[in-house]
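Data block below; observations after.
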Amino acid sequence: MIQIIPAIDIIGGRCVRLSQGDYGRSKVYDALPWEMAKAFADSGVRRIHVVDLDGAKESKPLNLNVLERIASNVDMEIEWGGGIADRQALDSVFAAGATQAVVGTVAALQPSLFESWLGHFGTERMVLGADVKNGLVAVKGWLETAPLTLEALLERFLRLGLSQAIVTDVGRDGMLQGPDCGFYCSLQSRFPSVDITVSGGVGCMDDIRDLDAAGLRKVIVGKALYEHRITLDEIGAFLR
């Protein structure tokens, strides 16, 4: 069964959702991040995906106090991304309670540094953040792109045993129009040793069922939850 991973995106300590990665098109929700995490845990979810959007923009973690509060409030895996630009930042994220670190910009622009982190912390704790925008890898909070294809990025770290990659289709993120199932199936087939997490576009439970039927392994759900197009009761029933 596909693993459902709810998303919590944070700006100024609050839950937000962007549309197509555009900071100018953000919507703030009333729910507090640690309260959302507790609700996700109560529904049976085993992992959450948390993004420090302030940190991604400024290239340093800026919401570690939120991470600490989430980690003290739930007993579940927390994959955390945003602003992990050096070893000090990475250490601070783990110290604050993250079980996995999602790294995108460093992996794309400083691959040898990401390789060293993979070797030191292991493939269970290091997750490649592979965000795609107009066919190229997006970096720096999706504000820029690198002259690099997704496939080339994944190939680079295969020899080191990379086992987890979150692939976000930036053009579909927050649009609720459904993910490109064919794209992810092709990618998973090409990289069978890597757990590819589908990210971007999920708008309803049927999208998740379609991904599951196609044999995909993990999916991130964000805006559809906050807009009540998918309920926690539906996720709980699916997981049971």
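The values are calculated or read from the model by the stated rules, or taken from the named source; none is laboratory data. Quantities reported herein were computed from a predicted structural model and do not represent experimental measurements. Backbone-built Cβ (ideal geometry, glycine too); neighbour counts: all protein chains shown. Side chains included, ligands, DNA and RNA excluded: accessible areas come from the protein's heavy atoms. Shrake-Rupley method; radii C 1.70, N 1.55, O 1.52, S 1.80 Å.
Worth pointing out:
- Of all residues in the stretch 187-223, those satisfying the criterion of being closer than 26 Å to W80 by Cβ, small (G, A, S) and touching a helix residue (DSSP H, G or I) at 6+ places or on another chain (Cβ under 8 Å) are S193, G201, G203.
- Residues satisfying the stated conditions in the stretch 54-68, i.e. in contact with a helix residue (DSSP H, G or I) (Cβ under 7 Å, 6 or more places away or on another chain) and open to solvent by 100 Å² or more (accessible area, probe 1.4 Å): K60
- The set of residues from the stretch 94-151 being in contact (Cβ under 8 Å) with a residue 60 or more places away in the chain, hydrophobic (A, V, I, L, M, F, W, C) and either at positive phi or touching a Pro at 6+ places or on another chain (Cβ under 9 Å) (or both) comprises just one member, W142.
- V74 vs. criteria more than 18 Å from G171 (Cβ to Cβ), open to solvent by less than 10 Å² (accessible area, probe 1.4 Å), out of contact with any His (no Cβ under 9 Å at 6 or more places or on another chain) and at pLDDT 95 or above: no
- Residues of the stretch 66-91 satisfying the condition of being under 21 Å from Y23 (Cβ atoms) and either out of contact with any strand residue (DSSP E or B) (no Cβ under 7 Å at 6 or more places or on another chain) or among the aromatic types (F, W, Y) (or both): W80, A85, A89
- Restricting V127, V93, V103 to those that are of a type in the set (A, V, I, L, M) and more than 13 Å from the chain's Cα centre (by Cα) reduces the list to V93.
- When residues of the stretch 205-240 are limited to those that are in contact with a Gly (Cβ under 9 Å, 6 or more places away or on another chain), open to solvent by less than 20 Å² (accessible area, probe 1.4 Å) and farther than 13 Å from Q3 by Cα, the one modelled with the highest pLDDT: I230
- Total residues in the stretch 142-165, condition closer than 26 Å to Y23 by Cβ and open to solvent by 40 Å² or more (accessible area, probe 1.4 Å): 7
- In the stretch 179-204, the residues that are under 28 Å from V16 (Cα atoms), surrounded by 17 or more Cβ atoms within 10 Å (Cβ to Cβ) and not hydroxyl-bearing (S, T, Y): P179, D195, I196, V198, G200, G201, V202, G203
- When the stretch 226-238 is filtered for residues that are part of a helix (DSSP H, G or I) and under 20 Å from the mean Cα position of the chain (by Cα), the ones remaining, listed by number, are Y226, L232, I235.
- Scanning the stretch 15-48 for residues that are open to solvent by 60 Å² or more (accessible area, probe 1.4 Å), at pLDDT below 90 and not in a loop (DSSP other than H, G, I, E, B) returns D22, G24, R25, K27, V28.
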